[in-house]
Amino acid sequence: MFLQNQKCVSLISVHGDPSAEIGKEEAGGQNVYVRQVGEALSRQGWRVDMFTRRSDPDQPAVVQHNERCRTIRITAGAQAFIPRDELFEYLPTFVQGFLKFQRQSGSQCRVIHTNYWLSSWVGMQLKKMLPVSQVHTYHSLGAVKYQSIPTVPLVASTRLEVEKNCLETAERIVATSPQERDHMRSLVSTKGNIDIIPCGTDVTHFGSVSREEGRQKLGIAPDKKVILYVGRFDPRKGIETLVRAVGRSSIRERGHLKLIIGGGSRPGQSDGLERERIEDIVAELGIGNITQFPGRLSPAELPNYYAAADVCVVPSHYEPFGLVAIEAMACGTPVIASNVGGLQFTVVSEGTGLLVPPKDDAAFAMAIDRILMNPDWQQQLGQSARQHVEEKFSWDGVASQLGDLYLRLMESSKVTPVSA
Ligand code: UDP
């Protein structure tokens with residue numbers, strides 16, 4: 001039965017489980033986006049079902065986040081971690097699982113919002129079978145990603161084709177920044193309807209801790225200059241550039257510098273080739289004594305780290321949006337980021353931090369020194385950063401823009417919505 005009279009949306013995120021532990025394996029910005037958008041929409045009266053793939057037999061099939069918002073895990077392929085590049089063959093099973101769940105639960109939403117190209121394929125299949133409107137957020141574009149990696153995966157041509165079909169056929173595409181929209185237009189297709197609605201962050205959670213408190217909790221002395229990275233261990237994230245920049249920084253000799261590389265698994269656990277590669281470079285540069293790898297940082301710990309840092313560095317080669325940059329800015333910490341993708345939209349160079357060319361460790365080193373050597377300017381940048389995020393990137397604001405978009409689609413398909 002269709003929920004004709006309800007504000008109701010299905011968020012589909014095949015590989016990005018909104019209930020997963022963030023920062024591990026492939027869990028990152030997409031998981032955060034889906035979970036936060038889902039919960040914020042539910043606070044605004046929407047009924048939200050978030051569909052994802054079950055990747056562990058111990059995971060519950062349904063997680064109820066609040067009265068109106070739940071995660072639903074569909075079995076498609078082994079109930080184990082499967083890298084996203086190997087998931088395509090399981091998507092038809094995912095579609096069947098989605099339909100079965102809806103039949104059994106007796107409810108269907110008129111709007112589906114798909115996330116990442118894998119889910120876009122699922123959405124396009126569902127549209128053939130159900131009277132639903134599709135909204136899609138890419139999170140990452142194959143056409144951009146494949147420009148920056150030496151060997152493309154086997155699934156590349158399928159991904160590019162699916163991304164083009166989706167752009168041309170979905171009712172609305174959500175680009176999270178003007179830069180992402182421009183990439184869609186120049187590299188994917190000139191057809192299709194694109195709206196720009198940014199990603200958001202929890203401005204109450206991020207910004208709840210002062211610099212002094214953060215440092216106290218983490219046992220960091222007030223005279224230390226702290227440089228922070230937060231994110232996954234993936235070559236695209238450019239951690240190597242940061243590490244090499246710290247190796248060059250002229251502040252390093254003064255012995256006050258501390259580099260914290262947060263994310264990945266806890267110390268002692270294996271975290272794949274990139275983690276080992278970065279640790280080798282740290283050792284080669286002789287900065288092991290000032291570098292710390294605390295592993296995955298929980299949502300409760302993150303505000304302490306961001307607040308304790310003098311600067312947060314986002315050295316990605318490419319970043320469609322980059323949640324870490326706005327989280328750090330919300331905590332009043334200036335951001336030095338690569339001058340790419342969504343980071344150009346979120347970080348105001350010379351206003352809330354600095355933008356520098358990607359992969360250029362000399363430029364990153366200079367930017368780090370500039371900010372760390374000018375504590376007054378650092379403080380000003382941090383204050384403006386907080387203000388900038390409050391004004392532009394709160395999740396409630398993002399969810400209400402998405403909610404308006406869904407309502408417009410429901411209205412154009414002649415459904416009259418009322419609050420759930
Ligand atoms: N994250 C986290 N703990 C970690 C590392 C990352 O909670 O140890 C979160 C981080 O706070 C952010 C997300 O993972 O919300 C990463 O999103 P981003 O858009 O920066 O990068 P992506 O992973 O999507 O490439």
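List of remarks:
- Conditions (1) in contact with a Lys or Arg (Cβ under 9 Å, 6 or more places away or on another chain); (2) closer than 22 Å to V135 by Cβ; number of the one not met by G231: (2)
- Scanning the range 282-325 for residues that are touching a Phe, Trp or Tyr at 6+ places or on another chain (Cβ under 9 Å), of a type in the set (V, I, T), more than 9 Å from the ligand (Cβ to nearest atom) and closer than 30 Å to D182 by Cα yields a single hit, V313.
- First in the range 65-81 and within 23 Å of G38 (Cα to Cα), second anywhere and among the aromatic types (F, W, Y) and part of a loop (DSSP other than H, G, I, E, B), Cβ under 7 Å, 6 or more apart: R68/W46
- Wholly within the range 153-251, strands (runs of 3 or more DSSP E) carrying at least 3 residues that are buried (at least 17 other Cβ atoms within 10 Å of the Cβ): 172-175, 225-230
- Count - residues of the range 102-140 that are surrounded by 18 or more Cβ atoms within 10 Å (Cβ to Cβ) and either hydrophobic (A, V, I, L, M, F, W, C) or part of a helix (DSSP H, G or I) (or both): 16
None of the figures in this text is laboratory data; all of them are computed from the coordinates on show. Quick caveat, the model's predicted, so the values are computed rather than measured. Methodologically, a virtual Cβ is constructed for each residue, glycine included, from the backbone with ideal geometry; neighbour enumeration extends over all protein chains shown.
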